[in-house]
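K.L.:
What follows is a single structure, and I will ask about it in a moment.
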Amino acid sequence: MPRLSEEESVGSVPSFLLTPSETNDQSLPSLTVPSSFKNKKAKRRCIINSLVESENGYIASLQKLVYEYKGYLETTSTPILSASKVETLFYRVTELLACHLQFRENLRSVIENWEQEERIGEVFVTSFSNPMVLETYAAYINNFNNAMEVAKSEAKRKSAFADFLKVKQLQSLDRLNLFGLMVKPIQRFPQFIMLVQDLLKETPPGHKDRMHIQQALTTLECLTGM
């Protein structure tokens, strides 16, 4: 199993949570939505369910990068890429997964207590105002062009790597290639912002979560603009 580097403290996620069997078994459940979609409570539940679905999918994509790509390339008996190339290509991906496994567990608590609390804004604020999370995303984004250049040049130079990428894409149900997976972290916060904007729209003034949702939106917008 790929091990977390010294940045393992990001999100404080225990290493055992990163095994494929554990992560696949712990997908977030959805909220039950009333038959009437006209009231704001029902609409808020639908938005939360969209968040749950997208976060489960995002974590699955990060798992593919960590285990099926990075993990495989690190453990082949005959190296396809050098260790330094693999490090550049998948720079900080393991830490991104750790961040979102922790976020998923925080979301799980929100969903389990939704009937009593109906609060989610604070989870976004606490999860994504963490300086280590911001640094991890910034490092990944700043390295993205380097990573794609390594992928492009190595696929041209080494047929074994080009074949590996083709096989992984064909094996994937969604047929996403490496670029399609690698760009997801760059797209994640704009997606979060749209969901939180929708949530704010359906949260009436005076609701106990409204201020936290507004803070969450500000936090996410600041992170997107970094």
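The values are calculated or read from the model by the stated rules, or taken from the named source; none is laboratory data. Owing to the predicted nature of the structure, the values given are computational and were not obtained by experimental measurement. Glycine gets a Cβ as well: all are built from the backbone with ideal geometry, and neighbour counts include every protein chain shown. With ligands, DNA and RNA removed, areas are computed over all heavy atoms of the protein, side chains included. Shrake-Rupley method; radii C 1.70, N 1.55, O 1.52, S 1.80 Å.
K.L.:
May I ask you to verify whether residue 176 is assigned to a loop (DSSP other than H, G, I, E, B), in contact with a Ser or Thr (Cβ under 9 Å, 6 or more places away or on another chain) and closer than 17 Å to residue 64 by Cα?
P.N.:
Yes, satisfied.
K.L.:
Filter region 210-224 for residues that are more than 18 Å from the chain's Cα centre (by Cα), over 17 Å from residue 103 (Cβ atoms) and not basic (Lys, Arg) and give the result.
P.N.:
Across region 210-224, the qualifying residues are 211, 214, 218.
Listed here are the residues, each with its yes/no results for (1) within 17 Å of the chain's Cα centre (by Cα); (2) at pLDDT below 90; (3) of a type outside the set (Val, Ile, Thr).
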residue: 69; (1), (2), (3): yes, no, yes
residue: 73; (1), (2), (3): no, no, yes
residue: 79; (1), (2), (3): no, no, yes
residue: 117; (1), (2), (3): no, yes, yes
residue: 127; (1), (2), (3): yes, no, yes
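K.L.:
Mind listing just one residue for me: the one in region 175-191 that is charged (D, E, K, R) and on the phi < 0 side of the Ramachandran plot and, of those, surrounded by the most Cβ atoms within 10 Å (Cβ to Cβ)?
P.N.:
188
K.L.:
Then there is this: Residues in region 88-122 that are of a type in the set (D, E, K, R), outside any helix (DSSP H, G or I) and open to solvent by 50 Å² or more (accessible area, probe 1.4 Å): how many?
P.N.:
Residues flagged as of a type in the set (D, E, K, R), outside any helix (DSSP H, G or I) and open to solvent by 50 Å² or more (accessible area, probe 1.4 Å) within region 88-122 amount to 1.
K.L.:
When both residues are 6+ apart or on different chains and their Cβ atoms are under 6 Å apart, which pairs have a first residue that lies in region 197-224 and is farther than 16 Å from residue 130 by Cα, and a second that is open to solvent by less than 80 Å² (accessible area, probe 1.4 Å) and assigned to a loop (DSSP other than H, G, I, E, B)?
P.N.:
Hits for this filter: 209/119; 210/203; 213/203.
K.L.:
Which condition number in (1) in contact (Cβ under 8 Å) with a residue 24 or more places away in the chain; (2) surrounded by 15 or more Cβ atoms within 10 Å (Cβ to Cβ); (3) of a type in the set (Gly, Ala, Ser) is the one that residue 138 fails?
P.N.:
All conditions pass for residue 138, except number (2).
K.L.:
Is it true that some residue in region 192-211 is open to solvent by less than 30 Å² (accessible area, probe 1.4 Å), farther than 30 Å from residue 151 by Cβ, modelled with pLDDT of 90 or more and touching a Gly at 6+ places or on another chain (Cβ under 6 Å)?
P.N.:
Yes: region 192-211 contains one or more residues that are open to solvent by less than 30 Å² (accessible area, probe 1.4 Å), farther than 30 Å from residue 151 by Cβ, modelled with pLDDT of 90 or more and touching a Gly at 6+ places or on another chain (Cβ under 6 Å).
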